[in-house]
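J.: I'd like to ask you about the structure that follows.
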Amino acid sequence: MPKRAGRDIAPPKGKLGVLLVGLGAVSTTFIAGVENVRRGGALPIGSLTQMGTIRLGKRTDRRSPKLKDFLPLAGVADLVFAAWDPIPDDAYTAARKAGVLEPHHLEPIADFLKGIKPLPAAFDQNYVKRLHGTNVKPGKTKRELAEQLRADIRQFKQTAGVERVVMIWAASTEVFLTPGPAHQSMAALEQAMERNDPAVAPSMLYAYAALMENVPFANGAPNLTVDIPALERLAEERKLPIGGKDFKTGQTMMKTVLAPAFKARMLGLAGWYSTNILGNRDGEVLDDPESFKTKEESKLGVLEYILQPDQYPELYGNVFHKVRINYYPPRGDNKEGWDNIDIFGWLGYPMQIKVDFLCRDSILAAPIVLDLALFFDLAQRARLSGIQEWLSFYFKSPQTAPGLYPEHDLFIQQTKLKNTLRWLMGEEQITHLGIEYYEKA
């Protein structure tokens, strides 16, 4: 059969700049990992764009190319990095302090990492109470800070010689905010920036700066950032991809795997108790109740959307869901997520499941950053503007169109992602019906 017409996608010419907000454990693990991959010292395990395949056509066709061969993605050799951070450590020093990667992954690339020094950050300790930084931009108003960020983006484009840029928030979780009058229009947002309205968090300044400089923006933390009406409309008007929020790494990833299994088998859920211990900078920030509130909202919403208690009140109408995060410095970046799950089955008989996930937070997050950088760049070249819900696979709290509930089921998210890629490239959607293999002619 002739191939169907796909989306017109501009080729990935030249270098792709990746601007990271935050040069902590996640960003340095990502940057060092990419450089190790580029030098042939490691494999990009965990990256769908680098390791994953995609089935095309019928199973009998046996067409399953790697995504990086199927799609016109930027290559890892073409990535150029820069970052902002309130702490002045270069990428090598920051990586050493984070303690994620061992010397054999850092020392051979030490000179490369030392060359990445963070730009002064638009930082306000009122939004991240447990962080103290000296590498901070001066400015009388938040509008001034946003204009300085815009100037940073233009300078990076010029000095790094990049053709295109994407920006990813990989910084700490800000305090909990809800949408208000300052977020409803560009005029209201810019006026709020001028008067230093507390409703405008630093992350919003980065998102605003990115969009004003025609740069796609992805939010890897749970704070209210690009998911406000003013910036959503700005992204649509300027035909820029946006999305988020909160990288889906350890415990929540497991929830989006297990909860769909319970619902698929119509097994009831009485309670789900989750606790985490971690000792990195993220753990220290989340030790503040206001930042934890932001993370808690992100983690708690998953079960309700997957289990649909309004449709299954007998099974999920009275679930007790508890989430705890405990700062425990000795553990460093090696987070432990412990879950106790009380389910019930036939005739209401109770059962229990225990999950103890001794994960490495930044090791799980780094390939997500890589995939998002490449996919958001692809989306821009394919003229996909506004919220990129097809990338929900990577987020705990997927951003959606107003009035549309988010899809949290990991397997539905994966199907949505791959079918979007098939659609972009003019390939048939795969429904997994399969009746054609068994019907008689």
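J.: Would you point out the residue of segment 198-238, among those that are charged (D, E, K, R), open to solvent by 30 Å² or more (accessible area, probe 1.4 Å) and touching a helix residue (DSSP H, G or I) at 6+ places or on another chain (Cβ under 8 Å), that is nearest to residue 165 (Cα to Cα)?
T.: The extreme case among them is 238.
J.: Go through (1) at pLDDT below 95; (2) surrounded by fewer than 18 Cβ atoms within 10 Å (Cβ to Cβ) for residue 174 and report which single condition fails.
T.: (2)
J.: Scan segment 253-282 for residues that are outside any strand (DSSP E or B) and at pLDDT below 90 and jot them down.
T.: Hits for segment 253-282 are 279, 280, 281, 282.
J.: A further question on this structure: If I ask for residues that are touching a Ser or Thr at 6+ places or on another chain (Cβ under 9 Å) and open to solvent by less than 80 Å² (accessible area, probe 1.4 Å), which ones from segment 295-333 would you list?
T.: Of everything in segment 295-333, those that are touching a Ser or Thr at 6+ places or on another chain (Cβ under 9 Å) and open to solvent by less than 80 Å² (accessible area, probe 1.4 Å) turn out to be 295, 298, 299, 301, 302, 306, 321, 322, 323, 325, 326, 333.
J.: Right, next: Restricting to segment 398-414, name every residue that is assigned to a loop (DSSP other than H, G, I, E, B) and open to solvent by 30 Å² or more (accessible area, probe 1.4 Å).
T.: Hits for segment 398-414 are 401, 402, 403, 404, 405, 407.
J.: So the check is Cβ under 7 Å with 6+ separation or different chains; which pairs have a first residue in segment 176-190 that's over 20 Å from residue 236 (Cα atoms) and among the aromatic types (Phe, Trp, Tyr) and a second one that's open to solvent by less than 40 Å² (accessible area, probe 1.4 Å) and in a helix (DSSP H, G or I)?
T.: Note: pairs meeting the criteria are 176/294.
J.: While we're on this one: Considering only helices (runs of 4 or more DSSP H) fully contained in segment 4-70, which possess at least 1 residues that are among the aromatic types (Phe, Trp, Tyr) and either more than 27 Å from residue 152 (Cβ to Cβ) or open to solvent by less than 40 Å² (accessible area, probe 1.4 Å) (or both)?
T.: Qualifying helices (runs of 4 or more DSSP H): 25-38, 67-70.
J.: Here is a follow-up. From the set of residues in segment 80-103 that are of a type outside the set (A, V, I, L, M) and in contact with a Leu (Cβ under 8 Å, 6 or more places away or on another chain), which is most open to solvent (accessible area, probe 1.4 Å)?
T.: Residue satisfying both the conditions and the ranking: 96.
J.: I would also like to ask the following. How many residues are touching a residue at least 60 places away in the same chain (Cβ under 8 Å) and hydroxyl-bearing (Ser, Thr, Tyr) when one looks only at segment 44-70?
T.: Total satisfying the criteria: 3.
J.: Okay, moving on. Which residue out of 417, 374, 391, 384 is over 25 Å from residue 258 (Cα atoms), open to solvent by less than 40 Å² (accessible area, probe 1.4 Å) and not in a loop (DSSP other than H, G, I, E, B)?
T.: Of the residues listed, the single one that is over 25 Å from residue 258 (Cα atoms), open to solvent by less than 40 Å² (accessible area, probe 1.4 Å) and not in a loop (DSSP other than H, G, I, E, B) is 374.
J.: Farther than 25 Å from residue 174 by Cα, of a type in the set (D, E, K, R) and assigned to a helix (DSSP H, G or I): is that true of residue 297 in this structure?
T.: When the stated conditions are applied, residue 297 does not pass them.
J.: State yes or no: is residue 320 under 20 Å from the mean Cα position of the chain (by Cα) and on the phi < 0 side of the Ramachandran plot?
T.: Here the answer is no, as residue 320 does not meet what is asked.
J.: Among the residues of segment 385-406, is there at least one that is over 30 Å from residue 96 (Cα atoms), among the β-branched types (Val, Ile, Thr) and without any contact (Cβ under 8 Å) to a residue 40 or more places away in the chain?
T.: The answer is yes, given that some residue of segment 385-406 is over 30 Å from residue 96 (Cα atoms), among the β-branched types (Val, Ile, Thr) and without any contact (Cβ under 8 Å) to a residue 40 or more places away in the chain.
J.: What residue, of 307, 358, is touching a Phe, Trp or Tyr at 6+ places or on another chain (Cβ under 8 Å) and touching a residue at least 24 places away in the same chain (Cβ under 8 Å)?
T.: 307
J.: Return the total of residues in segment 105-128 being free of Cβ contacts under 8 Å to residues at least 40 places away in the same chain and either farther than 18 Å from residue 18 by Cα or not hydrophobic (A, V, I, L, M, F, W, C) (or both).
T.: Result for segment 105-128: 8.
J.: Looking for something out of contact with any Cys (no Cβ under 8 Å at 6 or more places or on another chain), in a loop (DSSP other than H, G, I, E, B) and open to solvent by less than 60 Å² (accessible area, probe 1.4 Å) - is there at least one such residue anywhere in segment 105-114?
T.: Checked against the condition, which is being out of contact with any Cys (no Cβ under 8 Å at 6 or more places or on another chain), in a loop (DSSP other than H, G, I, E, B) and open to solvent by less than 60 Å² (accessible area, probe 1.4 Å), segment 105-114 yields no hits at all.
J.: Hey, another quick one. Pick from segment 420-441 the residues that are over 21 Å from residue 10 (Cα atoms) and among the β-branched types (Val, Ile, Thr): which of them is most open to solvent (accessible area, probe 1.4 Å)?
T.: 431
J.: Quick test for you: out of 248, 263, pick the one residue that is without any contact (Cβ under 8 Å) to a residue 60 or more places away in the chain, within 24 Å of residue 321 (Cβ to Cβ), touching a helix residue (DSSP H, G or I) at 6+ places or on another chain (Cβ under 7 Å) and of a type outside the set (A, V, I, L, M, F, W, C).
T.: 263
J.: Of 48, 16, 23, which residue is over 17 Å from residue 364 (Cβ atoms), in contact with a Leu (Cβ under 8 Å, 6 or more places away or on another chain) and not charged (D, E, K, R)?
T.: One residue alone meets the criteria, 16.
The values are calculated or read from the model by the stated rules, or taken from the named source; none is laboratory data. In this text the structure is predicted, and so the values were computed from the model without any measurement. Neighbour counts run over all protein chains shown; Cβ positions are idealised from the backbone, glycine included. With ligands, DNA and RNA removed, areas are computed over all heavy atoms of the protein, side chains included. Shrake-Rupley method; radii C 1.70, N 1.55, O 1.52, S 1.80 Å.
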